[in-house]
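Trainee: Sharing a structure, written as structure tokens. Questions coming.
Just so it is clear, none of the values below were taken in a lab; they were calculated from the coordinates. It should be emphasised that the depicted structure is a prediction, and the values quoted were computed from it without experimental measurement. Reconstructed Cβ throughout: ideal geometry from the backbone, glycine too, with neighbour counts over all protein chains shown.
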Amino acid sequence: MRVLIAGDGKVGLTLTRKLSSEGYDITLIDSNQSVLDASIETYDVMAVQGNCASMEVLKQAEVKKADLLIAATSADEINLLCCMTAHGMNPKIHTIARIRNPEYSEQIYNMRKIFNLSLAVNPEKQAAVEIERLLKFPGFLRRDTFAKGRVEIVELRVDSGSKLCDRALNDLDSIVKCKVLVCAVRRDGETVTPGGDFVLRSGDRIFVTAPTNNLTTLLKNLNILTHKTKRVMLCGGGRVSYYLAELLQKSGIQVCLIEADRERCIHLANMLPHVTVIHGDASSQSLLEDEGLSDCDALVTMTGLDELNMIISLYGQRSGVPQVITKVSHTEHNNVMDSLALGSTVCPRDLCCNTIIRYVRAIQNQSGAALTVHTIADDQAEALEFLVDDQTLHCGEPLKNVKIRKGVLIACISHGSNTEIPNGDSCFHEGDTLIIVSTKDVVIPKLNDIFE
């Protein structure tokens, strides 16, 4: 399958890394030759230098032979023009455009056929939705949803005072008093798929599969106190902040937003009439205290600098804010971030790339492809949701009789509205959905690929 990626920035580079490792034929297009040279040296890809919206450049990239174009330059307008031009030159091509400007949201939806878009992605809006979900369950560092919202994989940190500390996973059911499964553990920079005799230690980050209606029970029995979020402070007035503030004000949550640029403050105040917009430096301790940081239920740091976000988040934790969420643009230094009390971390780039990867795999495998794809454990594992169809092997067989590939775990079986954390006697049937967790070195394009 031939894929053109227009724009070799953060999103483009992440997609290049993931798709090239899965064997896709990648051609990069970017106006910056030095950026392309760096990618060529690292990955087995082709590259074309120039304006991706130009017919001549697309011709050089052999757009007529391509199956998919992903337009992820820094300009929405170029991404749209690139997709329209590519579709005009090759009517059979699939096109994906990254569109970030809030002013285009309704327009893109209503005119998607005119723009010839197969899919439009908005990393900042996805990040805002993810943060809002985290604010609804303050005890979790991260939540990934499957089976139309009936099943989730949630991330928790094991602290020294936790009921889980120094306990084996075999004891888990007696502690949390509901059916859950620890599908992965992140410890000292390594990700492991644990067995029942695995003993949890302080500092571990665990990824737990559970039916959504068990999440409250899970938190309660771990003595993780949750409270309804009533007041949130947002640091930074970028696109994620705008989308998030819009969602929160609709929910009746009081929002205080701090932004350093005066013109941007005026613009945000006009667009968000029920949000308190403060012009100032979010890294100023006195400003944070004057605006009532210690009285907030949550602090979300979303400035344009990861380092500044981390510093403000650390101060928020020190000030006793119950929930802290940190937006990061770079996840290459996860080991460093693991050692810091940053609360939950959200990366818009990764959320966007997961959506695109799912689409790419779906058009590569017209049947049996994943319905949902999430990367977990700092990109060291994938959680995927598949529909069991008439082509799926081993339907109706107990799992204890089925040989599963090493590095693959069936984390949950959803039978319609009923969900099951499986054991050896469990089995799946046509129409069920399976949630599969695999380590990063195991790629699962289709459901049957999980079997030996």
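Trainee: Let me see the pair-distance distribution of the stretch 1-146: every alpha carbon pair, 10 Å bin width, integer percents in order.
Mentor: 11, 39, 31, 15, 4, 0
Trainee: Additional query: Give the average over all directions of the projected area of the C-alpha convex hull of the stretch 231-321, one decimal, in nm².
Mentor: Averaged projected area of the stretch 231-321's Cα convex hull equals 5.0 nm².
Trainee: Could I ask something else about it? Can you order the peptides 152-163, 110-121, 200-211 by their average number of other Cβ atoms within 10 Å per residue, highest first?
Mentor: Top to bottom by mean Cβ count within 10 Å: 200-211, 152-163, 110-121.
Trainee: Which aspartates and glutamates have a Cα lying under 17 Å from the Cα of Lys64, excluding residues fewer than 8 positions away in the same chain?
Mentor: Filter leaves Asp25, Glu56.
Trainee: Now for a different question. When Kirkwood radius over Cα pairs in Å is calculated directly from the model, which label among (i) 23.4; (ii) 28.5; (iii) 22.4 fits?
Mentor: (i)
Trainee: Here is a further query. So if R0 is 22 Å, what FRET efficiency would Glu190 and Leu340 give, r being the distance between their Cβ atoms, rounded to the nearest 0.05?
Mentor: 0.75
Trainee: Treat each spin label as a single point 7 Å out from the Cα along the C-beta direction, and report the Glu452 to His274 distance in nm.
Mentor: Taking the simple label geometry, Glu452 and His274 are separated by 5.7 nm.
Trainee: In nanometres, what is the gap between the two model label sites at Glu77 and Asp295, each 7 Å from Cα along Cα-to-Cβ?
Mentor: According to this spin-label approximation, the distance is 4.5 nm.
Trainee: OK, next. Have a look at the DSSP beta bridges in the chain and tell me what percent are antiparallel, nearest 5.
Mentor: 50 percent
Trainee: Could you name the lysines in cross-link range of Lys220, using Cα to Cα under 23 Å and dropping any fewer than eight places away on the same chain?
Mentor: Once the sequence-local lysines are set aside, what remains near Lys220 is Lys136, Lys163, Lys177, Lys179, Lys228, Lys230.
Trainee: Then there is this: Contour minus end-to-end for Ile114 and Lys177, with contour as 0.36 nm per residue of separation and end-to-end as the Cα-Cα distance?
Mentor: Additional length available on full extension: 17.4 nm.
Trainee: Using a cut-off of 16 Å between alpha-carbon atoms, which aspartates and glutamates can reach Lys446, once sequence neighbours fewer than 8 places away in the same chain are excluded?
Mentor: Glu22, Glu382, Glu385, Asp389, Asp390, Glu430, Asp432
Trainee: Something else now. Pairs of Cα atoms under 8 Å, at least six residues apart: use those to get the relative contact order of the chain, whole percent.
Mentor: Answer for the chain is 11 percent.
Trainee: Roughly how many debye, to the nearest 20, is the charge dipole of the chain about its Cα centre, given +1 on each Lys and Arg Cβ, -1 on each Asp and Glu Cβ, and no other charges?
Mentor: The dipole magnitude comes to about 840 debye.
Trainee: Once you have the Cα-Cα distance between Glu22 and Glu307, take 0.36 nm times their residue separation minus that, and quote the gain in nm to one decimal.
Mentor: Extra length from Glu22 to Glu307 when fully extended: 99.4 nm.
Trainee: What FRET efficiency, computed as 1/(1 + (r/R0)^6) with R0 = 25 Å and r the Cβ-Cβ distance, is obtained for Glu263 and Glu103, rounded to the nearest 0.05?
Mentor: It comes out at approximately 0.95.
Trainee: Let me ask another. Could you work out the relative contact order of the stretch 363-450, using alpha carbon pairs under 8 angstrom and six or more residues apart, expressed as a whole percent?
Mentor: 38 percent
Trainee: Between Asp389 and Lys148, what FRET efficiency comes out of the Förster formula 1/(1 + (r/R0)^6) with R0 = 25 Å and r the beta carbon distance, rounded to 0.05?
Mentor: 0.90
Trainee: Can you give the local net charge around Lys220? Use residues other than it whose beta-carbon is closer than 13 angstrom to its beta-carbon, Lys and Arg +1, Asp and Glu -1.
Mentor: +2
Trainee: Related question: State, as an integer percentage, the relative contact order of the stretch 15-140 based on alpha-carbon contacts under 8 Å between residues 6 or more apart.
Mentor: Dividing the mean separation by the residue count of the stretch 15-140 yields 16 percent.
Trainee: Which percentage, to the nearest 5, of the DSSP beta bridges contained in the stretch 74-187 is antiparallel?
Mentor: 60 percent
Trainee: Right, next: Over all directions, what mean area does the Cα convex hull of the stretch 363-450 project, stated in square nanometres?
Mentor: That works out to 5.7 nm², a quarter of the Cα hull's surface.
Trainee: Contour minus end-to-end for Val129 and Glu420, with contour as 0.36 nm per residue of separation and end-to-end as the Cα-Cα distance?
Mentor: 102.1 nm
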